[in-house]
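Report on one structure; see the data block that follows.
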Amino acid sequence: MERDSQLKLYGLVAGQLKLAHAKVRELQVPEGVRMALSRKLLVITAAAKHDLPDAARRLDRLLKDLDEGRFPEGD
């Protein structure tokens, strides 16, 4: 039973990561901001391998920030 819920969460995170990557690609922001967002997505992807629930929370927060127009500072 736990495996089924883990698989569902994995599918949800995978779908949200795909959505987040598409949103970042479509943004009209300086390249430094885009790179910072891409790094955040890479960190979340790596975290998903070790702590899927934490990665899901981080991804939800990132998607909310994107939707609300809050972006990290570019390098």
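Within the range 35-45, restricting attention to residues that are of a type outside the set (S, T, N, Q) and open to solvent by less than 50 Å² (accessible area, probe 1.4 Å), the residue that is farthest from residue 7 (Cα to Cα) is 36.
What are the residues in the range 1-20 that are closer than 14 Å to residue 60 by Cα, open to solvent by 90 Å² or more (accessible area, probe 1.4 Å) and free of Cβ contacts under 8 Å to residues at least 12 places away in the same chain, if any? Of everything in the range 1-20, just one residue is closer than 14 Å to residue 60 by Cα, open to solvent by 90 Å² or more (accessible area, probe 1.4 Å) and free of Cβ contacts under 8 Å to residues at least 12 places away in the same chain, namely 18.
For the range 46-61, taking the residues that are part of a helix (DSSP H, G or I) and open to solvent by 90 Å² or more (accessible area, probe 1.4 Å), the one that is nearest to residue 13 (Cα to Cα) is identified as 57.
Screening the candidates 23, 64 for the property of being part of a helix (DSSP H, G or I) and either touching a residue at least 24 places away in the same chain (Cβ under 8 Å) or surrounded by 14 or more Cβ atoms within 10 Å (Cβ to Cβ) (or both) yields one hit, 23.
The values are calculated or read from the model by the stated rules, or taken from the named source; none is laboratory data. Only a predicted model underlies this, so the values are computations on that prediction, with no experimental measurement involved. Methodologically, a virtual Cβ is constructed for each residue, glycine included, from the backbone with ideal geometry; neighbour enumeration extends over all protein chains shown. Just so you know, the surface numbers come from the protein's heavy atoms only, side chains and all, with ligands and any DNA or RNA stripped out. Shrake-Rupley method; radii C 1.70, N 1.55, O 1.52, S 1.80 Å.
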